[in-house]
Amino acid sequence: MQPGPRPGLPVGGGPQVVPPVSHHSGEDTGHPAVDAVLRSLANAARLAPAEQIAEYEAAHQVLQETLASIDR
């Protein structure tokens with residue numbers, strides 16, 4: 001019995017090429033830090049999974065700091 005493909009890997013076994021994702025409509029939110037986070041998240045889809053995690057953590061930190069500054 002041969003093992004099947006590992007979860008999360010393409011069936012071909014090679015690296016998967018992912019085109020850039022743009023869920024951002026092109027309109028700015030009006031807040032430079034939030035706009036930068038949205039762009040970085042859209043570009044994160046092209047990164048290796050370990051690098052994606054770092055991008056998501058950085059985005060989370062920036063958004064937390066931005067929200068905290070609004071309360072001040």
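It is to be established whether one or more residues within segment 51-66 are of a type outside the set (D, E, K, R) and modelled with pLDDT under 90.
First, pick out the residues of segment 51-66 that are of a type outside the set (D, E, K, R): 52-54, 56, 58-64, 66.
With the extra rule that they be modelled with pLDDT under 90, the set shrinks to none.
The answer is no, given that none of the residues of segment 51-66 is of a type outside the set (D, E, K, R) and modelled with pLDDT under 90.
Tell me whether segment 1-9 contains one or more residues that are in contact with a helix residue (DSSP H, G or I) (Cβ under 7 Å, 6 or more places away or on another chain) and modelled with pLDDT of 50 or more.
Taking segment 1-9 first, the residues in contact with a helix residue (DSSP H, G or I) (Cβ under 7 Å, 6 or more places away or on another chain) are none.
Looking through segment 1-9, none of the residues is in contact with a helix residue (DSSP H, G or I) (Cβ under 7 Å, 6 or more places away or on another chain) and modelled with pLDDT of 50 or more.
The values are calculated or read from the model by the stated rules, or taken from the named source; none is laboratory data. Not measured: the values here are computed from a predicted model. Methodologically, a virtual Cβ is constructed for each residue, glycine included, from the backbone with ideal geometry; neighbour enumeration extends over all protein chains shown.
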